[in-house]
Structures are given as C-alpha cells and as structure tokens.
Amino acid sequence: MSDSHDRIPSVLAAWVLGVCEPTEDARVRAHLRECADCRAEADRLRAGVPGRIRNGGRPVPPPALRARTLRAAVGARAPRASVGTYAACFADAVATLDALLTEVLPGGDPATRRVIGDAGAVGEPWDVPGVLAHLIATDGVLCAALGLPEAVPSAIAAGEGPGDPDGRRTAEVLTRLRDHTLAEARTVWHDQADRLLRAAPPTGDTTAPATGDTGPRAPAARLVDAYADRAFETWIHTGDLARLFGLRAVRPIRLDQLIAYGLRALAPRLTEAPVRLVLTGRGGGEWILPTPDATPRATVTADAVEFCLLFGGRRTPASVRAHITGDHPTAHSALAAAASLARL
Amino acid sequence: MHDRLVQGDESALAEVYDCFVGLVHSVAMRVSGNRTAAEDIVQEVFVHLWEHPYAFRPERGSLRGWLCLLAHRRAVDWVRAEHARERRVEHACRTGGGEWVASAEDSVVAADEAARVRSALARLPAAQREAIELAFYADITYREVASRLGVPEGTVKSRMRGGLRQLATLLGNPSGRGTSGEGR
C-alpha cells in the first residue's frame, strides 16, 4: 500500500467530481488500484454524481445574446473615449482610474458619503481625495491652456510664485471642494478629464502647439506631449491608489506613448552620458540616447513599466530594477537624469 | 486581458464573451433550468465584469473560474426568487418564464433527471451545494474553488465529500444506475 493513503480519502470526492489537479488525479488512480477500501468509498460517492447531467448536451446560447450583452455593457460603463492617437494613452488612463474608483467607492458605502473636508488629505496627498484634487488641479492647467473651462478655476496662475505650484493648486482645490463627497469629487474630475478628451478629436494634429504659455508649469508645447503628460500623471496616481487598496496596477495599453514622452524629455539631459536603453516587455523597445548616432558608453536594461516608475518618482536610481553593462558611472547618471524628471 | 478590460477596451469584452459564453450559459442553464433566466444571467455576468473589472482579481485564480462562480451565484439567487414567487402565485401561471425546460438535445428522461438532481441539490447545505455545483457544471478544480471562496482546500474537499454522500442518499439508486457511474 502506498504511503499516500492518509491523504487519499479526503480528496476522493473531488476526484470523483473530476476537479483534482492532474498530478493528484494520477496519484489517486494509482492508489485506487491498490486499495479496496478507497475503491469502495469512491463507488459510494459516485452514486451521488448524476452522470446524465454531466454528459448531457450543452444548450447553446442564442447568437442575438451577444449583441444584447455588449450593448448593455457599454450602457452600464462607457468604453474608453475614442480620441486621436496622440491622446489614446490619456483615454486609457482615465478609464483605468474610473474603474478603480468604481471598486473602491462602492455605492452606499460610507466612504462615498465622506466629504473631502474630513479627509485630512493635505497631509496624506495620495489617498482618494488627494489624488482627485491633484488631478483636478493639474488637468485644469491644460484645460485653461486649451481655452476649456476649468473644473475649479484657480486664483493661482500657472507657474506663478515660489515653491511648488502644483501643490498649492492641489491644496486650493481641496479647500474649494471641502464639502463635496468623494463621489461628487470623482464626477468633477471625470467631467473635466472628459472635456480634455473631447477636445482631442481623432483627426487632431499631433504636433500642433498646445499653448503659447512658456512658464515653468506651462503645459507641454505640443499636444502630443501635453496629453502624454496627463496620461502619465493619471497612471502614476492610479498606481498609488491601487497599492493603497491592494489592487493590481495595470500595464498601460499605450505604454509606448508614455515611454516616448519620457524619452523626449530625457534625451537632452544625456549629452554627457550617452546610453543604450533596452526596455523590455510590451510597449518597450531599444533606444540610443541622446541621439541615435551617439556612441553609448553603457547599456541600461529594465522592464518598460519599471522605467516609467522611475520617471514618475516611484523608483529611485538605487531602487529601480535595472541591469547595467558597460560604464557604470555613465549608466547611473542616466538613471539619475531620468529620476530628476519626476515632479508628480 | 484584464488590463484591457480595466482600461475600457470594449473589444476585450467581446473576446472574453466569445471565449466563455458557452460555459457561463451552461452553468446558468444547469442551475436555473430556465432558458430566459440563463440568458439574463449571461448578460448580467458579462456586464458585471465590464462594469466592475477590478472585482475580478487575477491573482486569485482564472477568469473562467470567476465567471462560473458569478453565474452560479446569480442562478441560485434566481431559483430562490422564483421559488418564492411561485409560492406566492401558487401554481397558477407557470407560463410567465417559469417553465422548466431542458436543452433541445436533452431527452425527456434527461429533463426529468435534471429536475430530480436540481431538487436534490437544492436540499444540500448552501456551502456543500456551491462546491458540488461548481464542480458539476463549471469543472473548476477544488483548489481554485477554495482560492475563490477564500476557504482552506481541506474545507472544500470535505464539502464535496459531505455533499456527494448526501446526494447519493437523496437521489437513491432505484435502477442501480450510478454505482457504476461514468467514473473519473
């Protein structure tokens, strides 16, 4: 008799039902050949299995059910906005944060009725109220630049004054929305983001100037960068919330657009540190920076998402999971340059 | 796939539907025994996945298993509500969508057997019933059932065992059919 006998009786019912793992299935079969007691028990349990049900023909769902179901789905939750290619990454990011908020702000939950003023959010900026206020503030900057109405018009002009203008605007939004519930603040954020998306029609000119403003916090000069910037920031903060609530951070469908945006900003800072950058995984690729004809002194290999987290200030040059070959000081100064772009 | 659902890519939902509609419909049909109800449940399950993509946790098991579990629960809820309604209306109008129908392929005998099994399953304790039905209709391994329900594997195994023993008694064995079974 095999030494596994003690474990077999407990798993016999699952085995009779055919829901064991394959390796376990083989072990049970081997054991039953040797053990009359377990064979008898298996027969008793089998009497409870209505074989006719299991083997009966499967009813087929009617073809019309497909269209009906898909129609009901997009009625319950709108698909990501259909926008110009250059803004697709932002549409994906907005849909992602919205889906996450659906999960963490369930209807009827006290959290939904909690008003922002109760949140103590200025000190804990990356809880839901902090993230919403921050995105309302920073999306608002692009709205203003594009001549769209701002959700919470600010008294602080873009780039004006000392210190961190985004932080001041965020604090201002938090104060102004103090009596809003989280659900209401979510609507304020989403409506404004949606205005930005609707201002990015599918036939938009990707290289058109976004604004004449050139202050330190002025939106990027080109629409393609301005929308990638909004996507990047939304994605980074959605990741913060995902971690906070123990949810999975998604890999952006248009990660390539976020990376292209980051590399456009990074390249001018690498004139003294030419590197080959190998970003792995979907959305990745291989680049030689600062220009394709430079002679790289080092190669930095990292997952594409990991590298984006470095851009986003969620990794440091020391903590980012990157593999370096060649001249290490060059590689480290490239990583430091990427990290210095973080301002979220 | 989950990434695309979260990011609102509706083509991902169409792909998931095409991949799993047969299974989800089968679970709903087997448990409810009602065509209209099964179709409604299919719609509810896929709409729920689309509307609440974060409700599905990939780290806890397959999408297939999650959809089956959801279909099963909705179907059980439907059966409960239907029984309550029938008790209220007595047996007056069984035509309003409450007709027990088996699939076109099933023989009348199989339909009788299906009804008999459903009624036996309905008499099991809820936890045993869930474990057994997920195994019958969805073919989810007991490990995945455990992971999905957040209970130890040993608990699922003993629910299956207790449930099968009771089913064997409830279904009786008048014709001797079943003891030889189709065996796995």
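The values are calculated or read from the model by the stated rules, or taken from the named source; none is laboratory data. Just so you know, these numbers come straight off a predicted model, no measurement behind them. Here the Cβ is made from the backbone with ideal geometry for all residues, glycine too, and neighbour counts use every protein chain on show. Surface areas here come from the heavy atoms of the whole protein model, side chains and all, with no ligands, DNA or RNA. Shrake-Rupley method; radii C 1.70, N 1.55, O 1.52, S 1.80 Å.
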Exercise. Whose amide H sits under 5 Å from the amide H of A:Asp303, counting only residues 5 or more places off or on another chain, with H placed in the peptide plane?
Worked result: A:Thr280
Exercise. Using a basic spin-label model with each label point 7 Å from the Cα along Cα→Cβ, how many nm lie between A:Arg178 and A:Thr295?
Worked result: 6.3 nm
For this session: Step through the residues of segment A:189-195 one at a time and calculate ³J(HN,Hα) from phi using the Karplus curve (6.51 cos²θ - 1.76 cosθ + 1.60, θ = phi - 60°), rounding each to whole Hz and writing x for Gly and Pro.
Result: 4, 5, 4, 5, 4, 5, 4
Seminar exercise, completed: Residue by residue through segment A:274-291, the couplings from Karplus 6.51 cos²θ - 1.76 cosθ + 1.60 with θ = phi - 60°, in Hz, x for Gly and Pro, are x, 9, 9, 10, 10, 9, 9, x, 4, x, x, x, 10, 9, 10, 10, x, 9
For this session: Per residue of A:16-29, count partner chain C-beta atoms within 10 Å of its C-beta, then hand back the mean as an integer.
Result: 4
Problem set entry | For A:Arg222, distant residues with modelled amide H under 5 Å away | A:Ala210
Problem set entry | Accessible surface, 1.4 Å probe, highest first, among residues A:Arg39, B:Arg87 | B:Arg87, A:Arg39
For this session: Report, as an integer, the average count of C-beta atoms from other chains found within 10 Å of each Cβ along B:14-23.
Result: 2
For this session: Take peptide B:51-62, look around each residue's Cβ out to 10 angstrom, count Cβ atoms belonging to other protein chains, and average those counts.
Result: 4
For this session: Can you quote the Å³ per residue value for the convex hull of the Cα atoms in segment A:256-340, rounded to an integer?
Result: 75 Å³
Exercise. Using the beta-carbon distance between A:Ser82 and A:Val60 and R0 = 30 Å, what value does 1/(1 + (r/R0)^6) give for FRET efficiency, to the nearest 0.05?
Worked result: 0.35
Exercise. Whose amide H sits under 5 Å from the amide H of A:His180, counting only residues 5 or more places off or on another chain, with H placed in the peptide plane?
Worked result: A:Ile116, A:Gly117
Seminar exercise, completed: For A:Arg68 and A:Ala26, extending 7 Å from Cα along the Cα-Cβ vector and measuring point to point gives, in nm, a value of 4.6 nm
Problem set entry | Charge context of B:Leu167, other residues only, Cβ under 10 angstrom, K/R +1, D/E -1 | +3
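Could you run the numbers on buried accessible area between B and A, total for both chains, 1.4 angstrom probe, in Å² to the nearest 100?
Accessible area lost upon association: around 6100 Å².
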Problem set entry | Rounded accessible area of B:Glu10 (nearest 10 Å², 1.4 Å probe) | 90 Å²
Problem set entry | Residue-wise HN-Hα coupling along segment B:46-56, computed from phi with Karplus coefficients 6.51, -1.76, 1.60 (Hz; x: Gly, Pro) | 6, 5, 4, 4, 5, 6, 10, x, 7, 5, 8
For this session: Determine the sum of side-chain charges near A:Arg251: Lys and Arg each +1, Asp and Glu each -1, restricted to other residues whose C-beta is under 9 angstrom from that of A:Arg251.
Result: 0
